[in-house]
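All remarks here apply to the structure that follows.
The values are calculated or read from the model by the stated rules, or taken from the named source; none is laboratory data. Everything quoted here is computed from the prediction, not taken from an experiment. Every residue, glycine as well, gets a Cβ built from its backbone with ideal geometry; the counts of neighbours run over all protein chains shown.
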Amino acid sequence: MNISMLSDMAAEGFGDRVVIGRADDGLTARRLRELALGGARLVRASDADAIVYLAENGPALPVALFAAARAGVPLVPVNYRLGEAQLDALLANHPRALGIADPEHGEALRRAGLSAHSPAGWLAGAARNAARPAADDDPPQPVSPQPVPPRSAPPAVLIYTSGTTSAPKGVLLRHHHLVSYVLGTVEFAGADPDAAALVSVPPYHIAAVCGVLTNLYAGRRALTLEQFTPDGWLGLVREQRITHAMVVPTMLARIMDTRGADLAVPSLRALAYGGARMPVRVIETALRVWPQVDFVNAYGLTETSSTITVLGPREHRTAVASDDPVVRARLGSAGLPVPGVELEVRDASGAVAAPGGTGQIWVRGEQVSGEYAGQGSAVDGRGFFHTRDRGRIDRDGYLHIEGRADDTIIRGAENIAPAEIEDVLLDHPDVLDAVVVGVPDEEWGQRIEAVVVLRDGVAIDTDALRAQVRGTLRGSKTPDRITRWPELPRTPTGKLVRRDIVEALTADR
């Protein structure tokens, strides 16, 4: 399998439909395939072994993704927000790559000795090469007469993890992982002709890559919004009559907290969110403000080719209307596994936990890679990958995430999940954001500290917040100190950079 098959199906099935960009001047499915073919010729002519993409999201990304697939090399989307030293270290791993970069990031490619095509230059070169006569085309890639073992097949993409808890690692996703995910979760040409999706995550995130594949396969026009602001997002949704959108929780929180703004989005039918924990208060507000919208919570990892569990629209509405505490708690859950995915929660001994038991989450399925460049596979003997997230599965199979295993606070002999305390803090109507971390303590090993972001113009007594936690949980889970900050350090996809928070809290000790 090769992801270019998805582009071929779209070109043959609805070739004249605009699938990338704005309705009036975007790329049709047929033109996308033509440009990918031209881009593949550029890759082969340069003898490159990868395409490094160091630019903002836009039409150049899907063309690069499918060009790389047709040329038999991986696409490597790199975080252009990294510091110079980190960026140079990552680019040093790809000395023979063809580079695509925005003008302000081209110098990083030149330092690495790579070509530096701008996105516009890349698209123009792909167009010129696409126009070459078919007889002048490069020969097809040789096909082995024997089946290729999955882990010997060439990778489709190499995505570096965000490195919020450790150094970034290069995740290898092969074609069969991505194709399995798409075929298992999307109906071919299932979107209405007027459907349009707005993706608000950067190109180096797995959701951006899979957004290209799933929206194209569904026949849905896809746009990107690289620089998010609530007003900008709302304006583009209305202008382009967006029907489907994807955001991270901090984005939805900012939209819902935009006082005095016109929040009407009459065209919007569905909104997916993920990448970090969604405060229950925020999703309850969104359900009330946009009753016509179908909300979907998607949980997944780079190593799993994006989504592995989904909390669907019906579950959202059922949970918010229920008086049953178990059913209502599902509003904060990650939902049920997607087709073809198996989950296990394992306790400290490695045994599968009983329903409701907390432990570490493991996942298995055709879309699961769990493979790192230069390090090999991290799946176990039964094919399960350790997500390094903690959670539990309730009596009806819904997955509840309790945070990263590395984030667990060990206070004395007690393991404490920060998410449990964060949820209590976020219940306060004037707390917009919150994080709880463990900092070194000579007596307890770690003590609990929290940082909160308050609504503008609001002053809250932090002792009252501590009392709120103590009254809801218990004394041992009450933060020893709560600090107010104007904002929390997060990645563009909403993940908290906890190590930076711990460093800042301990710097003055």
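At-a-glance table
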quantity: Pairs, first in contact (Cβ under 8 Å) with a residue 60 or more places away in the chain in the range 88-115, second among the polar types (S, T, N, Q), C-beta under 7 Å, six or more apart; calculated: S115/S46
quantity: Failed condition for W444, given (1) at pLDDT 85 or above; (2) more than 28 Å from G275 (Cβ to Cβ); (3) touching a Lys or Arg at 6+ places or on another chain (Cβ under 6 Å); (4) crowded, with 16+ Cβ neighbours inside 10 Å; calculated: (1)
quantity: Criterion (over 24 Å from the mean Cα position of the chain (by Cα) and on the phi > 0 side of the Ramachandran plot) met by exactly one of G412, G475, G403; calculated: G412
quantity: Residue in the range 404-412 that is charged (D, E, K, R), part of a helix (DSSP H, G or I) and either at pLDDT 95 or above or buried (at least 21 other Cβ atoms within 10 Å of the Cβ) (or both) present; calculated: yes
quantity: Selection count where residues are among the polar types (S, T, N, Q), more than 26 Å from G381 (Cβ to Cβ) and touching an Asp or Glu at 6+ places or on another chain (Cβ under 8 Å), scope the range 305-363; calculated: 1
quantity: L198, sole failed condition from (1) more than 19 Å from A270 (Cβ to Cβ); (2) part of a strand (DSSP E or B); (3) not aromatic (F, W, Y); calculated: (1)
quantity: Close pairs from the range 344-355: first in contact (Cβ under 8 Å) with a residue 24 or more places away in the chain, partner part of a loop (DSSP other than H, G, I, E, B) and surrounded by fewer than 13 Cβ atoms within 10 Å (Cβ to Cβ), Cβ under 6 Å, at least 6 apart; calculated: P355/R395
quantity: Unique residue being within 22 Å of P279 (Cα to Cα), surrounded by 21 or more Cβ atoms within 10 Å (Cβ to Cβ), of a type outside the set (S, T, N, Q) and in contact (Cβ under 8 Å) with a residue 60 or more places away in the chain when the list is G370, G365, G335; calculated: G335
quantity: Selected residue (only one of G356, G370, G374 is more than 27 Å from R174 (Cα to Cα) and not assigned by TED's automatic domain parsing to the domain that holds T161); calculated: G356
quantity: Criterion (within 25 Å of V171 (Cα to Cα), modelled with pLDDT under 95 and under 17 Å from the mean Cα position of the chain (by Cα)) met by exactly one of A276, A298; calculated: A276
quantity: Filter result (surrounded by fewer than 20 Cβ atoms within 10 Å (Cβ to Cβ) and either assigned by TED's automatic domain parsing to the domain that holds S162 or in contact (Cβ under 8 Å) with a residue 12 or more places away in the chain (or both)) within the range 278-295; calculated: V280, R281, E284, T285, L287, V289, W290, Q292, V293, D294
quantity: Test: residue in the range 315-329 that is of a type in the set (D, E), under 30 Å from R288 (Cα atoms) and in contact (Cβ under 8 Å) with a residue 12 or more places away in the chain; calculated: yes
quantity: Residues that are part of a loop (DSSP other than H, G, I, E, B) and touching a Pro at 6+ places or on another chain (Cβ under 6 Å), drawn from the range 226-283; calculated: T258, A276, M278
quantity: From V237, V310, V247, V212, residue being within 19 Å of P59 (Cβ to Cβ), surrounded by 19 or more Cβ atoms within 10 Å (Cβ to Cβ) and β-branched (V, I, T); calculated: V212
quantity: Per-region count, the range 375-403, residues of a type in the set (A, V, I, L, M) and either farther than 19 Å from P279 by Cβ or loosely packed, with under 13 Cβ neighbours inside 10 Å (or both); calculated: 3
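To keep it simple, each residue is scored yes or no on (1) in contact (Cβ under 8 Å) with a residue 60 or more places away in the chain; (2) in a loop (DSSP other than H, G, I, E, B); (3) closer than 19 Å to P429 by Cβ; (4) over 32 Å from the mean Cα position of the chain (by Cα).
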site	(1), (2), (3), (4)
I448	no, no, no, no
D456	no, yes, yes, no
Q468	no, no, yes, yes
G471	no, no, yes, yes
I482	no, no, yes, no
